[in-house]
Structures are given as structure tokens and as C-alpha cells.
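The values are calculated or read from the model by the stated rules, or taken from the named source; none is laboratory data. Since the structure is predicted, the reported quantities are computational estimates derived from the model, not experimental observations. Cβ atoms come from the backbone with ideal geometry, glycine included; neighbour counts cover every protein chain shown. Just the protein is used for accessible areas: all its heavy atoms, side chains included, with ligands, DNA and RNA removed. Shrake-Rupley method; radii C 1.70, N 1.55, O 1.52, S 1.80 Å.
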Amino acid sequence: SASASVQNRNAILVSHRQKGNPLLNHIRNVRWMFADVVCDYLLGQTSCALYISLRYHLLHPDYLYYRIRELQKNFKLRVVLCHVDVEDVVKPLLEVTRTAMLHDCTLLCGWSFEECGRYLETLKVYENKPSDNIREQTHTDYLSRLNHALTSIRHVNKTDVVTLGSTFGSLSGIMDASMEDLARCPGIGERKVKRLYDTFHEPFRRVS
Amino acid sequence: MLPFQEQIISDLLDDANGGLVVVGSGLPLPSLVASLLLLHHPSAGSLLLLSAPDSQKSAISAALRRAVPDPNTELSLPSDLPGDLPSNQRTALYTSGAALFVTPRILIADLLTSRVPPSSIASLVVLNAHRLSETSTEAFIARILRSNSPSTPIHAFTDRPHSMVAGFAKAERIMKSLFIRRLHIWPRFHVLVSNDLERTPPEVVDIRVPMSSAMKGIQTAVLGAMDACLKELRKTNKVDVEDLTVENGLFKSFDEIVRRQLDPIWHTLGKKTKQLVSDLKTLRKLLDYLVRYDAVTYLKYLDTLRVSEGVRSMWIFADSSYRIFELAKKRVYQVVGADGVKISIDCKSTPTKKRKTNDTSKKETEIETGTSSATKADGRKVDANVGVVLDEILEAAPKWKVLRELLEEIEEERRKDTQANEGEAVVEDVGDLSEIVLVACKDERTCMQLEDCISRSPHQVMREEWQKYLLGKVELHSLRKCNKKKSQEPKGFGVLDGMIAAGSSDHAEPNNISKFENDALLAAASAVSISTKEDDVGDNSQSDSGRKGFQKARGKRVSRKGTSKTQAPRGKRYQVDQNNKNENASSKSKDVQSAPETTSTGICQKNTLNDKCVNIDGDKVNTIESDSAALNHGKPLPPVQFYALDSDQHILDVLKPLVIIVYHPDMTFVREIEVYKAENPYKKLKVYFLFYEDSAEVQKFEASIRRENNAFESLIRQKSLMMIPVDQNGRCIGPTTSSEPESVILQNSLTRKAGGRMSQGKKMQVIVDMREFMSSLPNVLHLKGMHVIPVTLEVGDYVLSPMICVERKSISDLFQSFASGRLYHQVETMTRYYKMPVLLIEFSQDKSFSFQSAGDIGDDVSPTNIISKLSLLVLHFPRLRLVWSRNVHATAEIFASLKQNQDEPDESKAIRVGVPSEDGIVEDDVRAENYNTSAIEFLRRLPGVTDANYRALMDGCKNLAELALLPTERLAELMGGQKAARVLKEFLDAKCPTLL
């Protein structure tokens, strides 16, 4: 029916293969249900995930490859969710990485069932979320903007920003300050003075 | 050169392989390098000096000039290798046989692109060897150099023994990575060194200055807070308790100790633990600044801290930190009710903690009673302007006064000497310079302030700082009035005001007490500005000096101990009054001006004291007008030169002082004095040390010596156990067991993929961005046998094949560039230009291989969590491939594996990718050398500046300072829009609403 299909769309569809995976106990923020799907977790119309633990991979090194091949070309985003559950990770992880990369899969690593579960949840919850959260943020209040700009200069910390701001009154005041004036600020040592001064007074392009 | 230095050099040159020299801090490292330079002859090839910071460069050049006193001899000072030189000129420079300063990043790129013929290098000198590790670029350089010309000697130097023992067999590993076998250890306690330095020791006078009680209080409180933090840290059970002592906490390296222990699990730590670590750092600074800054500046710094640290810090809310703020304030001013009762600070409004102020009971009885509306101790509804009086205290640093006395005494002694010597022949070393008394203090700021103190009076200086402080408040206040909306209340008022704001989001009225205090401050500020205008100091200072006299006139003693031949003449004890107003009155018995009534311990009649002060004050005003320091106290002062230890210049040999006052004791400088004295055995050098008695300053000084000695002992032990492999020719074999690692991997790859496409003898190629040479991955890739091609890449960090481009992020990078949004941008461009864009997340071997522990994940999907950010990135870039690497070696393996069955990348193509066409030809060079990257980053973070218009802005003005002055119209022209220009201009000129 229509309502069922809506429900299906809002839930993660889990393959019967995953029955008994403790990971399922940690999917709590999203609904999930078992279904006949070719992937392990169907996260949306065009995205899916395969689950593999490194320990399992060590026992069955070919498993991942066959699972990926089964997916065919039906998905835009194909996640390989790798549970890092062995101590000596370098070799198995290399193999998993290689397989995932060469077969157009995106590899995500989790170190616990909680973390792996959280990845699945997040991928579902954020299905249609815009990328604002990871794009350059526009802080609106003055101080955080000032912090954002001034702390890009190495060694300058937030305390220094406040010091500079209150000493020189405005950003243009700071940018115009002489070395001596900068040195007079408490907490601003030689190194910072030079850094600041050079940033403001050295030309953008060193070679003409 | 002293005999021991000659010994060091001849020992070092004994081994043709080179060696590692570890000297005690302050021993003359630059002159050792200079003597190596003198022995160098251009015909042998060029001598490269690696990784010397600017101060060291100039020190080496200076030492070289000194070593060749004859001005006629041709002296070739080592020059810098500029980064923007065309490649043929570089080669010419390298082959010229000169001595050159090079940065590792440039040298490795030049070595890899064969712009340096390895045979043209006569020897390599590595400075700051304590910074090296197997994977650092210096080791990379050493390896390439040794593989091409095995006989090139490599000399490494360091004067930081304590950092040479930080980590397991660090010295040994450094030596292996540089392919050297000999370790030369030269501590200060080495027989040859101590013989040389102690033959004619300088005369030393140790002066212990007592701290004021408020300073002591602050110190105890800071130490208390540190101790509390340390206890908390111990409770986490995540650090080795043994190293966690307050004594260790005094050093910068303490952070390193803690971080080294915590780093492997850093991402698993809770917020609290992380905050504790950074709090400890803040507290250490507070302790340091206590003896370095004057009372007003200290308070100002605390104010700033309160705003910037806000509610995050733990220590700010600890009980002891309450005392820090309270006492710091007390050193500057007090708020008293107009009826003379001190306003009690009401804590009822604090939601978290109740605090009792014990000052409530203390009555200030001598304050003149103002006519005002009644103030209750409760003090809630009183008009602040009338009800509260600000009582200035302005405690001057005790050392200031002692310094002044010392200078007077020195001058007096000198006069006596010249009188006594009159008629005799003039002694040979009475040059102009030797008259100078050198005062060494930590930083430039102290220098300037002390200079002011000497040329004027300490009180004057304090007043000025105080006025600046007040005026700052006035400005901010008026600012808040006019645009209340914009200025946001800092979230936590903190304890300075004796209360914690409820953190209310609405624009709350400042709490009663803080309002009183604020208003009182403002009132004082306006009064101050008026009184300065009227040029009327006498009246103002009369009353408050009277007050001060009463409150603060406690007798303090300055005891001095003359170690070694004590020549400290006259009485060994002075009565030093705390109140700097009366200083010359009470300090010296010989003082002409000393009135009988003030020489006692300060329990004097108020009236007489007042009179006295007025006199002195008048005196001061006059002298300042006549601008003569000598008249000021009726005592002449010797010429004084101030020197900031931070500036790292070697000034002793230039100034050649006979008297040195060490204002801030520092082990390195003491050693420098010793060497200076040993080099000039006929000079009569006298050194005064100014310590605060029982202070952290003394502890720190003594502990630094102990620490260095321990480091040396450990190094000596390590040396006896070292195992360094040597090949048949007696050359050292480095950390790579096979001398030609590439052959191994080639064989492997051949067997692995039978009939592979790679023809024999052709190495795998990786194109690497120049900036990546700061990291160790290029080094490790090379170690794996890959051919590393350094170029400047606009897109990505590594190009593995025409299809694969990799952006490498260390964990901290990853978090940072997610936060800044840079990662999104980078992935976006990478996806645009490459078929297989790769984000490499590289963990560090000594840190944990995970983002967070399971417990930290939380119950909900939180947008700030790294999981959420990564998921979002993956959702938006389904083509992006993620590679997770345990460490740098694993990365190299992954790269090799990914490169199989792929074509080799095309260098010239990779360079052009993503370069905007208007930039024209991109030179094959390091971007940082051509651009002021720091300025560009800054520019791009300004509001209104976008990816589209920042280049035009860069073209439109020379530098940021110029940009700040451009009018809006011009900005609009450059930025292509009025709106953006206005946004930028407004931001640049906006008043900073920061402090209260």
C-alpha cells in the first residue's frame, strides 16, 4: 500500500543476512526493517551500504569483492562500512581499501558497533540535508568573525584577539599598528609581533 | 675562542662522517658553527647550513665577524638561498662553493630535481638537531646526500639537551637518521668547560627582592589552582603521575610531557581533561606574567582572559582563582563606599556558587567621607556614581625600586672609583661603551617599561598604565551606549566582579555590584582625563598617596647577599618602603632628602606623610618638566641599556658592558655571561641578579639547571649503550637496513604482477605538492622506492596517476578543515578535475587509531560530530574515495598498491590542473616563497571577500595595511559590488566591543 511504501522510504532496509549483527541494536534514531535487498543496508533511493568487519575479512578475503559485484551499477553512493575490530589493522585494511577503491565504493571506518550504527543513522537522517554544515560558515557576530580572521595567523589565539581588539579599537587599527605598538600588548611576544606585522605589511605577491 | 671550544671542533672533525654535538644551553653554539665556516674552503664545495632560524643566522654571522677581527681579510658571510631563484641560478649558487643557509624544504626539492649536484656539497651542517626524527625532511636530505656521495660529512648541533632525551633513545635515532656515529656531549659541568669558565669568574651579587603581599597571594593562588588542575588530571588515570609536579608545570615543556602522554588517546579524552591541559598552560602564563607585568597590565590581561576563556575554563571557577582576580584587582584599585565602608560583594545572584568575601569586615576608616545618599553594605539600589568611590592603589613592582637604587649605587661607586683613581693613568678599558649598564629582561615590553621607570618615576608609569586602562573602559562604555544591540555581553562575567552572570541570553543589565564598580571606574576615568588636562597632579595624588601611605606602608627589607668577594659596601640592609612615593625618603640612609620621620618602618603620622608626599610630588612634577633623570632624585644614574632576552640577539660582545643587571634570571643568559667573561678575562665584570624572594621565578631558574643536568646525565648513559651499525668502510648505516630499498620493491612488484606494465628500471612516480614536504610522507614514499617529483599543485596534495589525486589530512587537519569549510572546497575542486578523487585520512602512529571512544558518541545525531560531517561529505560527493591509514608507512603501502595497473602521472599536466588562466604561467616553485600566504588566508576570511573577488583585491593593493585604508568606492570597484565592499569596510572599521 501507499503508507507502507512511505514507511519503507523513511526506514533503513536491512538485508536478512544482517540478522544477529549487534550493530542493529545501535540504530535507534532511525527506523529500520528487514527486507529483501541485495545490499546489506539500503539507505535511500540511490545509496546503499555493505558491512564488513576486519576480523571476518581475514577469514574470508574474497567475500567483500563478491558482495560488491552483486550490487552492479544500481547505486550512486556505495558505502563499505568497515568495522575495525582487530589490533593489527594495516594489512587487512589495505586490502579492504584497495577492493573498495577499485570498485567505486566509499570506505567508512568505525571502531565500535555504536560508531558503525551511527554512520548508518546519519547517512539516512542526512539523506536530503544541504552541505551548509561543512561549508565555510558565516558567523554573524563581530567577535567570532574577528577571531576567524585573526586566528588564521599562526600563533595568534583568541586571547590575543581580544587584547588586540581592545588595544587598537578596530581591525583596521590592528592592521595599521606598528611593531612597537604590537609589542606593547600583553601576551604578544616577539614571534607573534613579527607574524602579525609581516602578514599585514608584506606584499601579497612577493615577486612582481 | 676558548680552549674548550677548540676541543669541541677538533673532536668533531675527528670523524670524517661528522657527528652530533650537544652543548649546554647558553654555551656558544654560533661561534662553534662559525669556526666550522672558517675552516671551510670554497674549493671543497659548498657548505650548507640547514634549518637555522633568523636569530641563529645573525648570531652565526656575528660570531664569524668576531672570529676574524682583521677587517682586511676577505670575509665571506654565509648567505640565504632565496626561494624564488630560477633553477639555473640555484645550481650556480650550489656549485659556487660558498656557505649557504637553506631551509630543508627548498633543499630537498632541489636535491630531488637534481638542481644540486650532490658532489658539490662539501659538508652539511644541521642546526637544532633536537627537532629531528627518522621521518623528518632533514633525514630525507641526509639519505639522498649519502646515497649520492657517501663521504660528505654531516655535522649536527643542538643546545637543548633536555629535548634530546624526550622519548625512547631519541639521540640514537637522530644519529642513525643522519648517518653519523659520534655523539659529543658538552655539558656545562664538563671539566674543560668549567675550567675555562671558572678561571676568572665574574663578581656576582644576588639580590632577593621580597614580593608584595598581594603578589605572594596571587602566586599562592595560582600555584594552588595549578595543583588543583594537576590533581584533577591525575584523577583521570590517563597520565603518568610521576611527571606531574608543580615544578615541572613551570616549564613550557610541561605541555609536551602531558601531550606526549595524552596524544595517543587525545581523541578519546573528554572535554574536561582537554580543558585541564589548556588551563594548566594558562595558569603557567599567569605565574610568569605576575613577575613580568606591572599590576595594571596584569589586571588587564586577566580581564582579557576572562572574556576569551569565558565559561569554558575550569580554573576560572575554582576558589583559588577567585583570589587571583580579587588580589590582582586589589593591587590596582579598591571599590569603597562613600561612607568608607567597603562594598560587600553580593553573591546571591550567582546561580552556581556562593562566595563570601572576607573583606566585608575590613573597614577602611581613613577614607574621607563623601556626602552622598546612604549606602548600605547590601548596596543594591544606590546610585553608583555617588555611592562608590574608587580607591587607587597602583602597586608598583617591587623590583623597579630596587633596580633604581641599584643603578644609583653603581653610579656612586663609579664616581668614587674615578675620584680615587684621579691623577692615576687612565685604565685601558674606559671606552664609551663600557660605561653602559646592561639590564637584561625577558621581553621588549619590560624593556620599554623599565626605561620609562628609570627616566621618569615608577608611579608615573603606573599612572599612565592606569589611565590607559580607564580610558579603554570609557571608550567601550560609550560604545555600548551608542550601539547596544551590537555589543554583546560576554557570556560569563567571571569572578572579577565577584559573581557569575546567569548567562542570560537577553541583554541583561549588568549586575548591581559590577555596575557600581563599572560606574566608579568610569567616573575615575573621566576624572583622570580631566585632571591630566588640567595638569594638576598635586591635589589628586595628595589624597590618594595619603591613603596609600596608610594602607600600604609596611616596612620591607631588601637583604642582599654578596656571594664571592663581596664588595657590596655600606649597610647591607635597607628599609624599603612599599609605597613608591616615599621611596627615596625611606630607602637610603644617606639620602639627602630623607626626612627623619619617614625613615622608620612606615608607622608614621598621616599628616606628616601627606606633607612629605606633596613635597616629593611637587619635586617630581618639576623634574619631569625639566626632563632630566639626574635631577629627579638628586642622584645621577649611569647610562643604561636594556636588552630583551626574547630577542635572541647576542649583545654582550657588541656592548661589552662591565656591569650587568639580570632583571629576569635566565639560565641561558647566565651561561652567555660566563662565556663572555671567560673570553674577556681582564674585564672587571660585575653581575647583579634580581630575584623575587621565594617566588616561582627562583624555583624555575633553579629547576631549569637541575633539569639540564639530568638530561646530560641521561645522555651520557645512553651514549654508553648506543648501537649504531657500520658498513665495511666505517660509514654509518641509517635506519633503512638496505641501502637501495627501491630494488626490493621493484622485485616485489615484478613477481606480484607477472608481466606487469612497468618496465624494469622504471620507478613508480608520485607527484607531490611542494607544501607537502613539511610532512614526512614524501620522505617515506622515497624510502619505499618511489620517485618523488616535487611541484606546486593547485589541486590536491599527491597525484598518483592521471586519474588518482589525493588530498592528505592528518587528524587535526581534518577537524580544522572541516570546521573552516576548506575541505569541502578542496574536495569539490578535486572531484571536478580527477576521476578518482581521494581523501586520505592519516592517523599518527603515536596517537590512537580512532576518532572517539564508543562512550563519546552520544545518543543523538549531532551536527558537530565528525561522523556527521564525514557522512555529509560522503553524501554530497559520492565519487569521493576515502582512504584510512594507520600511519605514514601504511600510507606509502596503500599508495604503492593503488598505483598498480595505473599509468604514471604526468607532471606538466598535474601542475596546470585547476590553475586559473588569468594567473598566467605558474612558476615551478614553492608558493609560500612567492605569496604572502598568511595574508591571503587572512584576506579570504574577511566578510565580503569571496573566492571570486579576492584575487582582484590582491591586485588592487600592495598589502593588507593598504587594504585597510582603501575607501569604499575603490573597494567596490575591486570587489565588483557595493554591498560586498560595504560589508568589508564596516567590518574593518567597526569598534571592537570586547571588554566590559
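So here's what we get for this one:
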read-out: At least 10 Å² of accessible area lost relative to the chain alone, listed for region B:79-94 with a 1.4 Å probe; value: B:Asp84
read-out: Förster-model FRET efficiency, 30 Å R0, A:Asn29 and B:Glu242, C-beta, rounded to 0.05; value: 0.10
read-out: Within region B:931-989: Cβ-based charge dipole about Cα centre, in debye rounded to nearest 20 (Lys, Arg +1; Asp, Glu -1); value: 80
read-out: Per residue, in Å², the accessible surface of region B:931-989 once ligands and nucleic acids are set aside, probe 1.4 Å; value: 43
read-out: Area buried, chain B against chain A - accessible surface, total, 1.4 angstrom probe, square angstrom; value: 8200
read-out: Interface residues, region A:71-99 - accessible area loss of 30 Å² or more versus chain alone, probe 1.4 Å; value: A:Lys76, A:Leu77, A:Val89, A:Val90, A:Leu93, A:Leu94, A:Thr97, A:Arg98
read-out: Estimated FRET transfer efficiency when R0 is 60 angstrom, pair B:Gln902-B:Val698 (beta carbons, to 0.05); value: 0.40
read-out: Gap separating the Cα centres of region B:826-871 and region A:156-198, nearest whole Å; value: 35
read-out: Area of B:Tyr833 that stays accessible when all protein chains are in place (1.4 Å probe, Å², to 10); value: 100
read-out: Normalised contact order of region A:74-208, rounded percent, pairs of Cα under 8 Å and 6 or more residues apart; value: 16
read-out: Folded to 0 to 90 degrees: helix A:90-102 orientation relative to chain A principal axis, Cα; value: 80
read-out: Drop in accessible area of at least 50 Å² in the complex versus isolated chain, residues of region B:448-474, 1.4 Å probe; value: B:Met448
read-out: For B:Gln641, distant residues with modelled amide H under 5 Å away; value: B:Val437, B:Leu438, B:Val439
read-out: Where chain A is the region considered: accessible area per residue in Å², 1.4 Å probe; value: 46
read-out: Long pairs among A:Lys194/B:Lys238; A:Lys192/B:Lys473; B:Lys274/B:Lys300, criterion Cα-Cα beyond 31 Å; value: A:Lys194/B:Lys238
read-out: Interchain or long-range residues, amide H under 5 Å from B:Ala99's placed H; value: B:Leu47, B:Ser79
read-out: GluC sites (Glu not before Pro) within region A:78-165: DSSP coil, no more than 13 neighbouring Cβ in 10 Å; value: A:Glu87
read-out: Relative contact order (%) - criterion: Cα under 8 Å, at least six apart; region: region B:931-989; value: 36
read-out: Chain A: antiparallel DSSP beta bridges as a percent of all, rounded to 5; value: 20
read-out: 222 nm mean residue ellipticity, helices alone, for chain A (DSSP H n ≥ 4; -39,500 (n - 2.57); rounded to 500); value: -13000 deg cm²/dmol
read-out: Entries in A:Lys124/B:Lys809; B:Lys784/B:Lys869; B:Lys281/B:Lys677; A:Lys158/B:Lys442; A:Lys124/B:Lys899 that, when Cα-Cα distance is taken, lie over 28 Å; value: B:Lys784/B:Lys869; B:Lys281/B:Lys677; A:Lys124/B:Lys899
read-out: Sequence-distant residues sharing a close amide H with B:Val126 (under 5 Å, placed H); value: B:Leu50, B:His155, B:Ala156, B:Phe157
